[in-house]
Amino acid sequence: MRIKSPDLLVAESGADLEGHGLSRSIGPFQLVCFGIGAIVGTGIFVGLSDTVAEAGPAVLVSFVLAAVTCVFTAFSFAELGSAIPVSGSSYSYAYAALGERTAFLVGWCLLLEYGVSVSAVAIGWGQYLNELLEHTVGLRIPDALAEAPGHGGVVNVPAVVVMLLAAVLLVRGVRESARATAVMAVIKIGVLLLFCAIAFTAFRAGQLTPFAPEGIGGIGAGASLAFFSFIGFDAISTAGEEVKNPRRNVPLAILVTLGVVTLLYCLVSLAALGAMPWERIGGKPAALSLIVNHATGSSLGSTVIAVGAVVAIASVVLAVMYGQTRILLSMSRDGLMPRVFERVSPRTSTPVANTWIVAVVFAVPAAVVPLDVVLDLTVIGTLATMAAVNVCVIALRRARPDLARRFRVPLYPAAPLLGIAFCLYLMCGLPLLTWVQFAVFVGIGSLVYSGYGRKRSRLALSRARGGPPAGPPPAPTPATRV
């Protein structure tokens with residue numbers, strides 16, 4: 001139940017044991033592009049067909065329901081991000097509000113939201129890469145090298161390649177990564193808008209009926225899957241230590257990003273369902289390319305969609321991997337993870353070893369695990385951490401009403417309570433097997449904390465020595481780069 005005060009978290013945030021801090025070099029536009037880069041990818045380009053298979057045309061309601069869940073939680077992230085602008089995201093918020101053990105378990109669940117989700121995103125990359133290669137050069141990567149075992153393959157090589165390429169870019173520096181993410185975000189928004197323009201030329205309102213063929217249960221199950229398409233907006237909060245004026249720009253970027261993405265998803269879903277009967281979309285790989293081919297009668301449009309998807313999914317891998325490394329950096333700084341994760345290169349101001357460890361470890365499930373297995377685990381882990389963030393807002397309002405908050409959750413306490421309720425509702429729509437896997441995962445996390453983190457906690461060690469309330473003293477932060 002050890003609590004680390006928000007003031008201490010902020011004071012420590014610019015330093016690590018080696019004496020080199022992260023660099024504040026991300027502006028508001030780059031941060032919004034980073035958020036879009038973290039969200040728009042596999043969920044809409046690959047996962048749309050699975051969501052349609054569950055809900056039919058009512059997938060529009062499923063997306064709105066998933067978005068509402070995110071809106072309430074986004075308010076909570078915005079308030080906490082403005083009050084505690086550090087790299088740890090929900091882990092750091094839980095440390096300040098709910099105590100060390102809970103914080104560790106939140107950080108452990110973030111391995112599902114970021115680490116395992118980056119594997120899921122990378123898995124979907126190969127589908128559209130094959131589409132692109134087939135339409136441009138007439139070649140295809142054999143299924144044995146492009147699919148997971150059980151789905152006609154042996155190892156998913158494209159998934160491993162895109163993760164290693166993202167790691168190369170991340171270790172070069174945060175400015176370079178932010179610029180690349182901004183360019184890719186603009187490209188994929190343009191491609192999705194082009195898809196809508198093409199699909200609406202074949203729009204038939206009659207194809208939206210019956211609207212909810214699978215009933216309320218189908219809408220709920222579809223919302224649980226649609227939620228995967230929104231995962232990543234909270235990655236903005238992991239950039240808290242590398243953003244200019246974070247108390248203003250972090251909450252602003254979260255809300256702008258979520259609004260843009262929700263509007264884009266609803267537009268894409270409406271265009272897709274009006275252009276082709278939902279029965280022909282459900283369960284089909286690379287569904288957007290299929291719809292464009294149907295609407296145009298040629299493969300030219302699907303080539304453009306494939307280009308957008310390859311770029312979009314690569315940008316999600318980049319942004320989500322970035323988020324995972326910063327969370328591990330924060331946990332390591334507190335002594336709850338090995339020290340290798342907190343070392344920052346003085347040359348690039350990036351955690352180089354941390355980045356390569358994340359890339360190599362999570363490339364393994366990307367190479368050999370089917371997408372549906374990885375997707376469900378990602379969703380339940382993300383929903384659990386988001387529920388915890390809403391609890392953190394309530395706990396901090398009670399414990400630290402004096403804490404400076406640039407943004408405050410509207411309609412408090414109704415908004416965070418509704419955020420918790422919606423998260424639990426979507427979790428209930430997941431299969432029993434996913435719950436069992438999640439329970440085992442959390443149990444392992446509890447054992448890791450008891451056996452490793454609890455004994456090495458710098459907060460505990462400093463209190464036992466009767467010294468300062470936490471670990472290493474802050475080191476000078478490098479000058480802001482323009």
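Here, each number is a calculation from the coordinates, and none is a lab measurement. As the structure is a prediction and not an experimental result, all values here were calculated from the model. When we count neighbours, we look across all protein chains shown, and the Cβ atoms used for this are built from the backbone with ideal geometry, even at glycine.
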How much FRET efficiency would the formula 1/(1 + (r/R0)^6) give for Leu139 and Arg465, where r is the Cβ-Cβ distance and R0 is 45 Å, rounded to 0.05? 0.10
Fewest first, what order do Trp125, Trp278, Trp356 take by the number of other Cβ atoms within 10 Å? Trp356, Trp278, Trp125
Residue (of Gly453, Ala253, Ala388) at the positive-pole extreme of the chain, dipole from beta-carbon charges: Gly453
Per residue, the convex hull enclosing the alpha carbons of segment 272-313 has a volume in Å³ of 65
Using Cα-Cα distances under 8 Å and only pairs 6 or more residues apart, what relative contact order does the chain have, in percent? 35
Residue separation times 0.36 nm, minus the C-alpha to C-alpha distance between Arg172 and Ala197: what's the value? 5.3 nm
Could you compute Rg(Cα) / (2.2 N^0.38 Å) for segment 237-360, with N its residue count? 1.46
Burial ordering of Glu79, Glu214, fewest other beta-carbon atoms within 10 Å first: Glu214, Glu79
Nearest-0.05 FRET efficiency for Cys266 and Tyr425 at R0 = 22 Å, using Cβ-Cβ distance, is 0.65
Relative contact order (%) - segment 239-339, alpha-carbon pairs under 8 angstrom, separation at least six: 15
Order the peptides 253-264, 438-449 from the highest to the lowest mean number of other Cβ atoms within 10 Å of their residues. 253-264, 438-449
So the label point goes 7 Å from the Cα of Ile216 along Cα→C-beta, right? Which residues of segment 54-74 then have their backbone N under 14 Å from it? none
If you average the sequence gap of Cα pairs under 8 Å that are 6 or more apart and divide by the length of segment 280-395, what percent do you get for the contact order? 12
In what sequence, highest mean first, do 4-12, 162-170, 386-394 appear when ranked by Cβ atoms within 10 angstrom? 386-394, 162-170, 4-12
Likely footprinting exposure, Met1, Met184, fewest C-beta neighbours within 10 Å first: Met1, Met184
Let me spell out the model: positive unit charges on the Cβ of Lys and Arg, negative unit charges on the Cβ of Asp and Glu, origin at the Cα centre of segment 142-297. What dipole size does that give, in debye rounded to 20? 500
Decide, for segment 164-237, between rounded, prolate and oblate: order the square roots of the alpha carbon gyration tensor eigenvalues as a ≥ b ≥ c, take rounded if a/c falls under 1.5, and otherwise choose prolate if a/b is larger than b/c, else oblate. oblate
Inter-probe distance in nm under a simple model that places probes 7 Å from Cα toward Cβ, at Arg2 and Leu433: 4.0
